[in-house]
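Here's the structure we're looking at; comments come further down.
The values are calculated or read from the model by the stated rules, or taken from the named source; none is laboratory data. Quantities reported herein were computed from a predicted structural model and do not represent experimental measurements. Heads up, the Cβs are rebuilt from the backbone with ideal geometry, glycines too, and the neighbour counts pull from every protein chain shown.
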Amino acid sequence: MHSTFYLPTKIIFGSHSLAKLSEQKLPGKRALIVISSGTSTRSFGYLKQVQDQLDAAKVSYEVFDKILPNPILAHVTEGAKLARQQGCDFVIGLGGGSVIDSAKAIAIMATNEGNLWDYVSGGSGKGKPMQNKPLGVVAITTTAGTGTEADPWLVITKEETQEKIGYGNDDTFPVLSIVDPTLMVSVPPHLTAYQGFDALFHSTEGYLNTIANTFSDQYSLEAIRLIGKSLPTAVKDGRNLKAREDVAMANTLAGMVETFSGCISEHSLEHAMSAFHHELPHGAGLIMISKAYYTHIAENHIADERMIAMAKALGRVDATKAMDFVHALVDLQKACGVDDLKMSAYGISESELPAMVQNARVNMGGLFGVDPMTLTDEDCLKIYQESFR
């Protein structure tokens, strides 16, 4: 048994924990605060809370507010330029996964030459090593979906080539992360569901990954259990703080799964979907293909014991076969009101599906290499086709 545990991020978890920001040792004296292009971060007062905390810590700041739900390379480049021009010596990502991923990417490009795609591997990326360490990153998550506050990974889209690719290394872990469930009560029901299922699939994929280990297994199963227990309540009653706390903890645990294990090809297939259609929420895309994807694993008896363990964690305590996980998954989707999502509602056409298979293989092909099975292009196309409606 060989495993490595490395998580150099200080994580402060709990309701109202944002009030502790000014007490922390921050990685600099001038911050670039990265937020989304939407209005919620300001309208709900989250940005003001962070600014007040920085004022108390005598830290100055600039705000960069252009990040999209599927973040793009152009905004990473623009944000890095602003950080350099304004003399920012660390970056705060205040928002969901797209914002924190962008903060990590901006931190890289604030200290390194060229373009992020010079360092990305896959697609048209050049795969060069970073020459300089990135700026320190503080992650303050306002959603429970990607777990990026507890892992080194970031996902950015190069819009002109429809490449949506992940990147990260030991230097891109956040220095400090604050997980405050009170910042999540304003997330609307449908987004709560999409984000919760993203966290679920980080956990299920990490549990099925061929490099899964004792560390990742424990976090995977507990995250699955918490999501099965509390995601429907968080969707139906967003102000239920106990449910929000459970889902937030599941999300952070799922981020740890991403650190110690990682995703498999389900994420590759979805990245291709949202690379073609930027308006498709990542979690929604995962939900769309999940039944067909996990049915393929179950019907081919690829990981029966692990599928049964996941079914039990999701609440089906009497599970005895792999398909019990699929049934539990569909029941959870129904309980959260997301069982009838349609690819076509986001502009996806059946004629695009073969191109998406190739996009997934070229740009995120590494995840296929840690699958518990060998997925052919025909298998991938069949999963897309069975999911299409």
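Taking the stated definitions as given, is Lys321 in the same structural domain as Asn209 (by TED's automatic domain parsing), surrounded by fewer than 18 Cβ atoms within 10 Å (Cβ to Cβ) and over 22 Å from the mean Cα position of the chain (by Cα)? Here the answer is yes, as Lys321 does meet what is asked.
Within the range 360-380, how many residues turn out to be assigned to a helix (DSSP H, G or I) and either over 26 Å from Ile156 (Cβ atoms) or touching a residue at least 40 places away in the same chain (Cβ under 8 Å) (or both)?
Of the residues in that region, 12 qualify.
Of all residues in the range 311-338, those that are assigned to a loop (DSSP other than H, G, I, E, B) and without any contact (Cβ under 8 Å) to a residue 12 or more places away in the chain total 3. Take Asp151 and decide whether it is in the same structural domain as Tyr293 (by TED's automatic domain parsing), closer than 30 Å to Thr295 by Cβ, touching a Ser or Thr at 6+ places or on another chain (Cβ under 6 Å) and not hydrophobic (A, V, I, L, M, F, W, C). No; evaluated as a whole, the condition is false for this residue.
Of the candidates Val120, Val138, Val76, Val155, the single residue that is within 25 Å of Gly366 (Cα to Cα), in contact with a Leu (Cβ under 8 Å, 6 or more places away or on another chain) and not basic (Lys, Arg) is Val76.
Within the range 103-156, which residues are assigned to a strand (DSSP E or B) and surrounded by fewer than 23 Cβ atoms within 10 Å (Cβ to Cβ)? Answer for the range 103-156, where residues must be assigned to a strand (DSSP E or B) and surrounded by fewer than 23 Cβ atoms within 10 Å (Cβ to Cβ): just Gly136.
Of Ile297, Ile308, all but one fail to be touching a Lys or Arg at 6+ places or on another chain (Cβ under 8 Å), in a helix (DSSP H, G or I) and at pLDDT 95 or above; the exception is Ile308. Restricting Thr4, Thr77 to residues that are under 25 Å from Asp170 (Cβ atoms), part of a loop (DSSP other than H, G, I, E, B), within 24 Å of the chain's Cα centre (by Cα) and not basic (Lys, Arg) narrows the list to Thr4.
Determine which member of the set Leu176, Leu241, Leu231, Leu208 is assigned by TED's automatic domain parsing to the domain that holds Gln358 and surrounded by fewer than 23 Cβ atoms within 10 Å (Cβ to Cβ).
On the way: Leu176 fails: assigned by TED's automatic domain parsing to the domain that holds Gln358; Leu231 fails: surrounded by fewer than 23 Cβ atoms within 10 Å (Cβ to Cβ); Leu208 fails: surrounded by fewer than 23 Cβ atoms within 10 Å (Cβ to Cβ).
Just a single option satisfies the conditions, and that option is Leu241.
Restricting the search to the range 23-39, which residues are surrounded by fewer than 16 Cβ atoms within 10 Å (Cβ to Cβ) and under 24 Å from Met249 (Cα atoms)? Residues satisfying the conditions are Glu23, Gln24, Lys25.
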